[in-house]
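This report refers to the structure that appears directly beneath it.
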Amino acid sequence: MFFDNKVTKLELLAPAKNLEYGIAAIDHGADAVYIGAERFGARAAAGNSVADIKKLCDYAHVFKVKVYVTVNTILYDDELADTEKLIHELYEAGADAILVQDMGILKMNLPPIDLHASTQTDNRTVEKVRWLADQGFSRVVLARELTMRQIGAIYANVPDVELEAFVHGALCVSYSGQCYASQYCFKRSANRGECAQFCRLKFDLEDSDGKTIERGKYMLSLKDLSQYHALEDLVIAGVSSFKIEGRLKDLAYVKNVTAAYSEMLEIIIEENDGMFERSSLGTCNYKFKPDLNKTFNRGYCNYGFYGRCDDISSFDTPKAKGEYVGKVKEVRGNSFTVAGTTFFANGDGLCFMNGKHELEGFRVNKVENGNRIYPHKMPVGLRKGTELYRNNDQAFTKFLSKESAVRKIAIKLTLSEIEDGFRLEAEVWGVVTVSVDLNISKQIAMKSQKAIITQQLMKLGNTPFVCIEFCFNNHDDSEEDFKFFIQSCYLTEMKHAVIEKLTKALREQEYNTSNRSIRPLDEYVEGKNEYPSHAPYLYNVSNRLARQYYKEEGITVGPAFELETPKNPLIMQCKHCIRHALGYCTKYTKKPDWREPLYLKLPDGKRFRLQFDCKNCQMNIYADN
């Protein structure tokens, strides 16, 4: 793989739970944010009014930051009119694109807004991505499960569609859009934004003879994704937008993770000598050191980006462990000491794996001498040598609750003499130039005013801009160029006017980021997303427009799972393989002493049959009803 001489724009895409979080993401380095409207988003608990989305767009577009809105649930017939109305309102509010799962939306009367195929459309093959591009989608959000080689093949075969990939955050154990477990067990549809996190539950693993192989384990719970160190390889593979999961996470998470990945993108850009640039404007100055270990995580993995790996699951706990902080050195009464150099603070949240192999947490009530800790309640199972993790760094979180970054756009200001007065020009290099004229009588100064004028005009205060270059009459700083006196009030008037005009121009300017360079086809054999013929509900068709759409495409579909529950349904398709995780992959010589099929069993007695599709390196889960 290689790039031609075109500069490739890179986009860091951050989550926005609401307006406040969206602004924080922008201030901390996001090139785009994604946010949910009041309805029809895949995170039902993260909805926002169109008015707030407009405010976010107004703030974002000054920095040329894009705003994408999630309209990525499947829809019912009685919701179609409201959805169409919402999309028009989002377009008028300034949204740059909507994320879509339901193909019925393509049969609506839509405004000229970009369409992004949500990861909920199950985008894992060249054929699927090409099909979506042919339907008019400008971007496809790839399945999290894809390897670097698979992504590279998709880009090589379909270079004209933007590719977006998740780089950080929680992992769904099932291919997105193909999980029906929550609907099956709790009548809460993941395709309707109401996932009940079935995959974070505790199961027994049994064989066909009823033998218990594992008892009370979180067999489907995955660690969190982190592609921090693989970011450049994602660029090489053809990804242009790097997505951070977390519309339900807290503000400290959004700030810290966005800042960390933004800094890494800057390193990649600097080390590749003009090949890449950010898709938005502005430079961020952070008041803290980003650290991915200090915000919510279940431990990190790359989810097999470089090929199948062992360490992606977390059978012992679905909770956040956080950062390793040291081992217990001594337990004494109602306190203990920790070996190492970690600094602790009152209010920290600590945790450890207890004797039952379960994550046990507690709160720090008091700290003495830096490492003697008095918990709010002393954990019974804490012993000398116990490994400790911090899942809530109180000092770090408290710092991030305040202003922790400032983002500014560098500009050049030029003050010039014109026939009837003076002109102040503001330029964002290579993007836009605006000017305002001040028509007043000219007064020759008794002595040079250049230092005073420069100082006053360069002070841009609480605006999105910082002036890093100032000149008079487009000349150098010689004393002969500018010898006029201008009253302070006129300078302030010009400055405010030109900044207002520049802000407006940036918001209104078209800024096309779709300029990816084309790379040659690498050798790769790719297949279609071929859904089993016995599971036509996998197309998630829940309304008349979607049925009409697929009929016109010549694709046979059935009613969505949410409308009609089949017998013994396929409820999950997973890259995660329990047999592999237990060390019994068929490529090993070790043979298990169980009889298949295997079953997952919930405490309420519900059972789920496991099918190991070794040809496709996939585990399928069927409800055993």
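The values are calculated or read from the model by the stated rules, or taken from the named source; none is laboratory data. For clarity, every value in this text was computed on a predicted model and none was experimentally measured. In this analysis, Cβ positions are derived from the backbone assuming ideal geometry, glycine residues included, and neighbour counts consider all displayed protein chains. Ligands, DNA and RNA are stripped out before the accessible areas are found, and what is left, the full protein with its side chains, is counted by its heavy atoms. Shrake-Rupley method; radii C 1.70, N 1.55, O 1.52, S 1.80 Å.
Counting pairs on different chains as well as pairs 8 or more places apart, how many Lys pairs in the range 549-602 have Cα atoms under 23 Å apart?
Qualifying lysine pairs in the range 549-602: 6.
Exactly which trypsin sites (Lys or Arg not before Pro) in the range 337-367 are in a DSSP loop and have at most 15 other Cβ atoms within 10 Å?
Lys356
Where in the range 168-197 does the amide nitrogen come within less than 20 Å of the point 7 Å from the Cα of Gln611, taken along Cα to Cβ?
Under 20 Å, as judged by backbone N against the label point of Gln611, lie 173-185 of the range 168-197.
Would you please name the GluC sites (Glu not before Pro) within the range 388-494 that are DSSP coil residues with at most 14 other C-beta atoms within 10 Å of their C-beta?
Glu403, Glu419, Glu479, Glu480
When we measure straight from the Cα of Lys356, which aspartates and glutamates land under 14 angstrom away, once same-chain ones fewer than 8 places off are left out?
Glu214, Asp316
Which of Cys172, Leu234, Ala196 sits closest to the plus end of the dipole of the range 161-301, meaning its Cα is farthest towards the positive end, when Lys and Arg get +1 and Asp and Glu get -1 on the C-beta?
Ala196
Roughly what would the spin-label model give for Gln487 and Thr556, points 7 Å off Cα along C-beta, in nm?
Between Gln487 and Thr556, the simple spin-label model gives 8.4 nm.
If the label point is 7 Å along Cα→Cβ of Lys567, which residues in the range 597-620 have backbone nitrogen under 18 Å from it?
Zone members listed by number: 607-609.
What FRET efficiency do you get for Thr341 and Phe186 if R0 is 30 Å and r is their Cβ-Cβ distance, rounded to the nearest 0.05?
0.05
Between Asp58 and His376, what's the calculated FRET efficiency when r is the beta-carbon distance and R0 is 35 Å? Round to 0.05.
The pair Asp58/His376 has a calculated efficiency of 0.20.
Which is farthest toward the positive dipole end of the chain among Ala133, Gly370, Leu251, measuring Cα position about the Cα centre, with Cβ charges +1 (Lys, Arg) and -1 (Asp, Glu)?
Gly370
Share of Cα-Cα pairs in the range 90-166 beyond 22 Å, in percent?
Tail of the P(r) past 22 Å holds 22 percent of the pairs.
Lys447: which lysines have alpha carbons under 30 Å from its alpha carbon, excluding same-chain residues fewer than 8 sequence positions away?
By straight Cα distance, Lys447 reaches Lys412, Lys459, Lys483, Lys495.
Under 1.5 on a/c is rounded, so check that first for the range 289-423, then, if it is not, pick prolate when a/b is larger than b/c and oblate when it is not; a ≥ b ≥ c are the square roots of the alpha carbon gyration tensor eigenvalues.
Details: a/c = 4.17, a/b = 1.97, b/c = 2.11.
Taking the square roots of the gyration eigenvalues as a ≥ b ≥ c, the range 289-423 is oblate.
If DNA, RNA and ligands are ignored and the probe is 1.4 Å, what is the ranking of Asp52, Asp437, Asp134 by accessible area, most exposed first?
Highest to lowest solvent-accessible surface, that is Asp134, Asp437, Asp52.
Of Tyr324, Ser335, Ser313, which is farthest on the positive side of the dipole of the range 310-366, counting Cα position, with +1 on Lys and Arg Cβ, -1 on Asp and Glu Cβ, and the Cα centre as origin?
So the residue furthest toward the plus end is Ser335.
Helix-only estimate, please: 222 nm mean residue ellipticity of the chain, summing -39500 (n - 2.57) across DSSP H runs of length 4 or more and dividing by its residues, to the nearest 500.
It lands at -6500 deg cm²/dmol.
For the pairs Lys64/Lys501; Lys249/Lys327; Lys9/Lys223, flag any whose C-alpha to C-alpha distance is greater than 23 Å.
Lys249/Lys327; Lys9/Lys223
What is the magnitude of the charge dipole of the chain about its Cα centre, with +1 placed on the Cβ of each Lys and Arg, -1 on the Cβ of each Asp and Glu, and no other charges, expressed in debye to the nearest 20?
My answer is approximately 2920 debye.
Protein chains only, probe 1.4 Å: how do Asp291, Asp250 rank by accessible area, largest first?
My answer, sorted largest first, is Asp250, Asp291.
For the chain, give the percent of accessible area contributed by carbon and sulfur heavy atoms, probe 1.4 Å, rounded to a whole number.
47 percent
Would you work out if the range 1-137 is rounded, prolate or oblate? Take a ≥ b ≥ c from the square roots of the eigenvalues of the alpha-carbon gyration tensor; rounded if a/c is under 1.5, else prolate when a/b is larger than b/c, oblate otherwise.
Judged from the Cα gyration tensor, the range 1-137 comes out oblate (a/c at least 1.5, b/c at or above a/b).
Kirkwood Rh over alpha-carbon pairs of the chain, then Stokes-Einstein at 25 °C and 0.890 mPa s: what D in µm² s⁻¹, rounded to an integer?
Once the numbers are plugged in, D ends up at 90 µm²/s.
Kindly point out which whole DSSP H helices in the chain project their C-alpha atoms 24 angstrom or further along the helix axis while averaging a Kyte-Doolittle hydropathy of -1.0 or above.
Correct list, ordered by number: 251-271, 488-508.
Just flag the chymotrypsin sites (Phe, Trp or Tyr not before Pro) in the range 273-335 sitting in loop per DSSP whose Cβ has no more than 13 other Cβ atoms within 10 Å.
Those that pass, being in a loop and sparsely packed, are Tyr306.
So what does Arg298 come to for accessible area, using a 1.4 Å probe and Å² rounded to 10?
Arg298 has an accessible surface of roughly 20 Å² with all protein chains in place.
To check my understanding: the extent here is largest minus smallest coordinate of the Cα atoms along each principal axis. What are those three numbers for the range 192-240, in Å, largest first?
49, 28, 17
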